[in-house]
Amino acid sequence: MAKQMLEVMKSVHGKPKPEADELGFGTYFTDHMFVMDYTEDQGWYCPRIIPYQPITIDPAAKVFHYGQTVFEGLKAYHGSDGEIRLFRPEENLARLNRSNDRLSIPPVDEAQMLAYLKELISVDKEWIPREVGTSLYIRPFIIATETKIGVIPSYAYKFIIILSPVGAYYEEGMDPVGILVEDEYSRASRGGTGEAKTGGNYAASFKAQERATASNKSQVLWLDGIEKKFIEEVGSMNVFFKINGEVHTPMLNGSILPGITRKSVLELLHDWQIPVHERRISIDEIIGAHRSGTLEEVFGTGTAAVISPVGVLQWEEKEYVINNRETGTLASRLYETVTGIQTGELPDPYGWTQTIATKEVVL
Ligand code: COI
């Protein structure tokens with residue numbers, strides 16, 4: 001894609017900013033958004049930062065009928081040293097393009113998108129909360145906008161980035177959450193869209209999520225779509241088990257989301273020389289480990305959830321309490337390390353963070 005001039009239209013009146021203790025997750029949005037359009041003839045064109053506003057889309061747009069859409073989630077952090085940091089944003093943009101490929105959406109120029117993203121954050125930098133445990137959640141997404149009801153890929157798209165100041169993803173904060181092992185519905189199957197970040201995967205999870213909520217559990221633990229036997233992932237995070245001093249996580253198999261926090265945790269565990277296995281893990285094995293007293297910790301990893309300890313697993317009407325419903329030492333160490341690197345409180349020996357210049361970015 002040829003280099004294109006980014007147009008910046010600033011809002012005249014800023015919105016009031018929420019207090020840190022009322023942030024929650026994904027409720028408030030900043031003053032600006034990024035928008036860019038695509039047609040087969042023009043490629044991606046007209047990148048612009050404009051005041052945050054509703055968009056007008058024709059009701060025949062393909063996104064509404066066939067769900068041709070992808071999204072990403074990443075965060076910016078305001079460090080106590082005054083720097084604004086992004087955590088492995090190049091990984092998110094690479095994954096966005098893999099999701100695009102799966103959904104037959106044209107690729108974006110990753111380096112250029114990163115520059116636009118940094119510029120948007122720079123424009124709305126006053127919205128990045130500074131309190132411990134808060135961040136600016138960044139939601140890039142692409143929707144198919146061609147107005148035609150034929151079942152073929154769209155020739156027109158919109159790429160939008162919105163920003164939301166957030167606190168903890170779960171109401172429990174860093175306290176362990178309860179998870180319901182889902183045995184009826186499935187999230188994905190190999191060959192499907194499970195490893196892409198696309199809206200339909202999440203829409204298809206809501207039915208099971210309702211059951212989890214009715215059982216007083218925060219999320220669902222998905223089993224594989226064929227045998228309903230092997231563990232895949234939790235609603236909005238990848239999952240890890242510490243058994244007898246060693247760590248186990250489901251291997252990426254085409255139907256599991258390749259999480260960037262998951263990848264970082266694996267790299268940390270290798271570095272700390274804690275034995276870690278990416279493999280097929282059956283729910284029977286986990287229940288067996290619980291019964292024999294060797295299941296020491298369960299935790300989830302994700303951009304939104306960071307490192308989230310699991311205190312209870314519910315499987316076939318029975319509840320299995322993990323680590324006395326307390327946050328385990330490994331989950332705590334990972335949380336402190338990941339968030340320490342993200343916020344700049346700890347050194348970043350892996351080169352995972354990128355700082356954002358708060359002056360204009362040269363595009
Ligand atoms: C994320 O962790 O960024 C996610 O996208 C999960 C969820 C909020 C959809």
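The values are calculated or read from the model by the stated rules, or taken from the named source; none is laboratory data. These numbers come from a predicted model, not from an experiment. Glycine also receives a Cβ, built like all others from the backbone with ideal geometry; neighbour counts cover every protein chain displayed. All accessible areas refer to the heavy atoms of the entire protein, side chains included, with ligands and DNA or RNA removed. Shrake-Rupley method; radii C 1.70, N 1.55, O 1.52, S 1.80 Å.
Separation of segment 204-261 and segment 303-337 by C-alpha centroid, Å?
If we compute the Cα centre of each part, the gap is 13 Å.
Mean residue ellipticity at 222 nm from the helices of the chain, using -39,500 (n - 2.57) per DSSP H segment of n ≥ 4 over the full residue count, to the nearest 500 deg cm²/dmol? List each step's numbers first, then the result.
Working: 8 runs with 83 residues, N = 363.
Theoretical 222 nm ellipticity from helices: -7000 deg cm²/dmol.
Which of the trypsin sites (Lys or Arg not before Pro) across segment 142-196 are loop residues per DSSP, with 16 or fewer other Cβ within 10 Å? Don't skip to the end; give the middle numbers.
Values: sites: K148, K158, R187, R190; in loops: K148, R187, R190.
Of the trypsin sites (Lys or Arg not before Pro), the ones in loops of segment 142-196 whose Cβ has at most 16 other Cβ atoms within 10 Å are K148, R190.
Determine, for segment 147-265, the count of lysine pairs separated by eight or more sequence positions (or lying on different chains) whose alpha-carbon distance falls under 17 Å. Before the final figure, lay out each step's value.
Numbers: K148/K158; K158/K197; K197/K263; K207/K217; K207/K228; K242/K263.
Pairs that pass both the separation and distance tests number 6.
Straight-line reach only, C-alpha to C-alpha below 17 angstrom: list the aspartates and glutamates that K15 could link to, leaving out same-chain residues fewer than 8 apart.
D31, D124, E126
Ordering D183, D109 by how much accessible area each has at a 1.4 Å probe, largest first, what is the list?
Numbers: D183 75, D109 55 Å².
Largest accessible area first, the list is D183, D109.
Could you tell me how far the Cα centroid of segment 12-60 sits from the Cα centroid of segment 172-193, in Å?
Computed from Cα coordinates, the inter-centre distance equals 30 Å.
Counting only protein chains, not ligands or nucleic acids, how are S80, S154, S292, S186 ordered by accessible area (probe 1.4 Å), most first?
Values: S80 105, S154 5, S292 80, S186 45 Å².
Output order, biggest surface exposure first: S80, S292, S186, S154.
May I ask you to rank M251, M113 by accessible area, largest first, using a 1.4 Å probe over the protein chains only? Show your work: numbers first, answer last.
Working: M251 80, M113 0 Å².
Result of the area sort, largest leading: M251, M113.
How many angstrom lie between the C-alpha centres of segment 125-145 and segment 151-165?
Distance between centres, Cα-based: 17 Å.
Quote the convex hull volume per residue of the chain, based on C-alpha atoms, as a whole number of Å³.
Numbers: hull volume 51.0 nm³, N = 363.
Cα-based convex hull of the chain, divided per residue, equals 141 Å³.
Please state the shape class of segment 203-345: rounded when a/c is under 1.5, otherwise prolate if a/b exceeds b/c and oblate if not, all from the C-alpha gyration tensor.
Working: a/c = 1.43, a/b = 1.29, b/c = 1.11.
Note, shape of segment 203-345 comes out rounded.
Can you work out the accessible area per residue across the chain, with the rest of the protein chains kept in place, probe 1.4 Å, in square angstrom? Please report the intermediate quantities before stating the final value.
Numbers: 16160 Å² over 363 residues.
Value for the chain: 45 Å² per residue.
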